[in-house]
1. Anything in the range B:514-531 that is in contact with a helix residue (DSSP H, G or I) (Cβ under 8 Å, 6 or more places away or on another chain), open to solvent by 50 Å² or more (accessible area, probe 1.4 Å) and not charged (D, E, K, R)? List them, or say none.
2. Determine if the range B:434-447 includes at least one residue that is under 30 Å from B:GLU416 (Cα atoms), open to solvent by 70 Å² or more (accessible area, probe 1.4 Å) and either in contact (Cβ under 8 Å) with a residue 60 or more places away in the chain or within 11 Å of chain A (Cβ to nearest Cβ) (or both).
3. Find all pairs meeting these conditions: Cβ atoms under 9 angstrom apart; at least six residues apart or on different chains; first residue within the range B:94-107 and within 17 Å of A:ASP39 (Cα to Cα); second residue charged (D, E, K, R).
4. Quick one: in the range B:262-285, which of the residues that are closer than 16 Å to B:VAL237 by Cβ and of a type in the set (Lys, Arg) is farthest from the chain's Cα centre (by Cα)?
5. Being surrounded by fewer than 22 Cβ atoms within 10 Å (Cβ to Cβ) and in contact (Cβ under 8 Å) with a residue 40 or more places away in the chain: is that true of B:GLU240 here?
6. Those residues that are among the small types (Gly, Ala, Ser) and either buried (at least 20 other Cβ atoms within 10 Å of the Cβ) or touching a helix residue (DSSP H, G or I) at 6+ places or on another chain (Cβ under 8 Å) (or both), I need them from the range A:48-81; list them, please.
7. Would you please name the residue that is farthest from the other protein chains (Cβ to nearest Cβ), looking only at residues in the range B:33-87 that are under 15 Å from A:SER53 (Cβ atoms) and among the charged types (D, E, K, R)?
8. Taking the range B:301-333 on its own, how many of its residues are aromatic (Phe, Trp, Tyr) and over 25 Å from the mean Cα position of the chain (by Cα)?
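The values are calculated or read from the model by the stated rules, or taken from the named source; none is laboratory data. Nothing here was measured: the structure is a model prediction, and the numbers come from that model. Here the Cβ positions follow ideal geometry from the backbone for every residue, glycine too, while neighbour counts run over all protein chains shown. Heavy atoms of the whole protein, side chains included, go into the accessibility calculation; ligands, DNA and RNA do not. Shrake-Rupley method; radii C 1.70, N 1.55, O 1.52, S 1.80 Å.
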Amino acid sequence: MFGTKSIIPGRIHPPLGLLLGFYFSLLLLPSAALGSDIDQAIDQLRAQVSEHSAQVFALEQQLLHPADSRLSVFLTLGSPDALGLDSVELFVDGKPVVSHLYSEREQSALEEGGVQQLFTGNLSNGSHSLKAVVTARSANDRFVRRESSYRFQKRPGSLRLQMTLDAKAPDFEPRVSFLEWK
Amino acid sequence: MMFRAFASLPLASWILILCTVPSLAASATSQVPDALKEGLVRFALATGELSPVERLSEQLKGESAEFLRAQVLMGTGRTAEGVEALKHVAEGQYHRAEAALLLGRYWAAQGSIPETRQWFEHAIRIGFGETRQEAGYRLAELELRSGRSEKAGQVLAKMEAGFWAANGYLNLSSEYARSDLNPTRALVALRVAMAMAERDSDADRKDHLLNRLRVRAGYLALQNGEPDKAIGFLEKVSLESDNTPQALYLHGLALAEKGNHRASMQSWHRAKKFPLAFSGVADAWIAMGRGFDLSGYLGQAGEAYLAANAAFESERVTLRKLATGIREQGAYKSLVEDAQASDLEWFLADSRTLTQPRMAYLLDFLAQPEAQRAVRRVAELRALGQSLAQQQRDLGIFSQSLTDQLVLLDARDDGEATELRERQMTLVRDLEKLSAKSLDAGQADVLRSVSATLAASADSLQELKGRVSARPSTIRKQLDQTRTLSNQTERLSAQTLSLAQRAEKHLDQLALDYVSEQDNEMANAIDKTAQQIAHLYEYLALENLAEAAQ
């Protein structure tokens, strides 16, 4: 039913055509080959840099945030489909420590069960307060800004706080809950 | 920033930082609760910041652990280990299809057809949902590139409606358009693609794809001598897409085919507003002259051709400037960075993608897969270089701070700690006195909290002496580590720089080839208008002669 295009008889003599073809393939080869050659080198370099950065990160964690005085805050989404997170601001004892604006990529990472290490810092022992200001778009297309506070006692050793953001139907009112990991 | 804060910490804060650390990696990862480790790795994989979780991924447990670990290995450049790990996952119980899809993609990038086919087929067999659809699309694409369009059709026929199937049918239609004498089969494939695209749940993606499909369908219908059908397709193309100029040009052609020259010139006039980099715009400029010519306005036809000629000449100047910019500053700066930067006010800048020549050329250039890879390489290496430079600065500050600390620890006596111990005892006595009084529930709560804080500081003070005496040797170890890492950073920075230069050179060459190709196209367009002008003047001269003879 459907014809195919007939092959146009070659205007160039076959051996000459082959030679020309070979010549042009030689011309084309360097660009693609150079690209994949660089890709291999990038892969090797990436592996080395990654290993190295992990060591630098570990050293940084040790020196800047010693285990004894460390406070880490992790963010998770309790109901992934109910909220589109725009930004989170974190205040420790009234002082701003984190202000994060979420990209689309980060939003979907959180929605797929990702956990963000929102803050790592040092605190003295004693009673402290944490305030989170969240702006988000709820599932019923409302833009909301909510503040939540949490008081906690810092004891010697690392304190790990999980902050979970939740919004349940029908009002999709955002709620922030905190959990202390022992 | 954090590192600068570290450098300026007062001495009292350093008392808090006295701790002994047996291993760098272990200390960094042990601070994360087990239940959150998987989520942290998932977040890092999605955002591409893998260094902090590289060690963490080795400690994962559970159904997804091996799959996540394999992705981290692939993402951090340890591809050989990553491929092995993915193979293991694909033969296991969980995430089999996703692992097979990743393996298929990897082998496709390596150009190995049998392995690519094997893993995509495996992903289709065991997968479901988006994974299965993507594997189906990629397998069909592989068959098309191998010249097996029948086989590709069979693969696509088993797919569910949606984005991937629509793209598959679009590619199949292009293949039919290339091989068939009659565009019917290609049009049928496009109709199927449009029906499939309608079922895509992502609205932006759907609109973009539908615009592309309608322009192609319009072109094929026009080629098949069906201008009404073509107009039907083209009038549905959005006026705010990068396919708009081509759609407007084809729309004008379809109207001209029906003899409606006035309306066709309105479409072409609109297409002329777009930068010449977009397909169809140069044709629309030439078509305007042709439209006036066919309508019998020969003087205006001449003017239109002359205007087209001037526009093409001016575009060649723009292209020459772009080529000079690429030679002097590199393609990445000239095309990518400068296209991002804009001095325009926000209210003027919203439609700049469709009105700025540089952005239009960037979009067109980046439609080529090799250009995408080349730009990605340069961007990746630049980001790597910047992060290494930041690391180098931070490690310098670390090193300085640790050296300062050593000096301070050597010089200090136990006076401050003794004062603190005395103050602690006074506070304990005050607390005891207060606790002996009759208190209400709220006051008792406050005192309990104060008591807990005091107990914690008592413990710290008790351990302080031992920890202070162990501190210098710990600092010296950390100083050694810092210096070693700093040397490594320097070496890696040099490697990154040299590789970035190679990658940029490659990108420059691709961009210059592209600009030269565009320049040739403009030169051809100038030839066409010059020819039209010559024909027109020849005709007018002959007419004048004929009139004079009468």
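1. Of everything in the range B:514-531, just one residue is in contact with a helix residue (DSSP H, G or I) (Cβ under 8 Å, 6 or more places away or on another chain), open to solvent by 50 Å² or more (accessible area, probe 1.4 Å) and not charged (D, E, K, R), namely B:SER516.
2. yes
3. Between residues of the range B:94-107 that are within 17 Å of A:ASP39 (Cα to Cα) and residues that are charged (D, E, K, R), the close pairs are B:ARG105/B:GLU134; B:ARG105/B:ARG138; B:TYR106/B:GLU115; B:TRP107/B:GLU115; B:TRP107/B:ARG117.
4. If we take residues in the range B:262-285 being closer than 16 Å to B:VAL237 by Cβ and of a type in the set (Lys, Arg), then B:ARG270 is farthest from the chain's Cα centre (by Cα).
5. In short, yes.
6. Of everything in the range A:48-81, those that are among the small types (Gly, Ala, Ser) and either buried (at least 20 other Cβ atoms within 10 Å of the Cβ) or touching a helix residue (DSSP H, G or I) at 6+ places or on another chain (Cβ under 8 Å) (or both) turn out to be A:SER50, A:SER53, A:ALA54, A:ALA58, A:ALA67, A:SER69, A:SER72.
7. So, considering only residues that are under 15 Å from A:SER53 (Cβ atoms) and among the charged types (D, E, K, R), the one farthest from the other protein chains (Cβ to nearest Cβ) is B:GLU49.
8. Residues in the range B:301-333 being aromatic (Phe, Trp, Tyr) and over 25 Å from the mean Cα position of the chain (by Cα): 2 in total.
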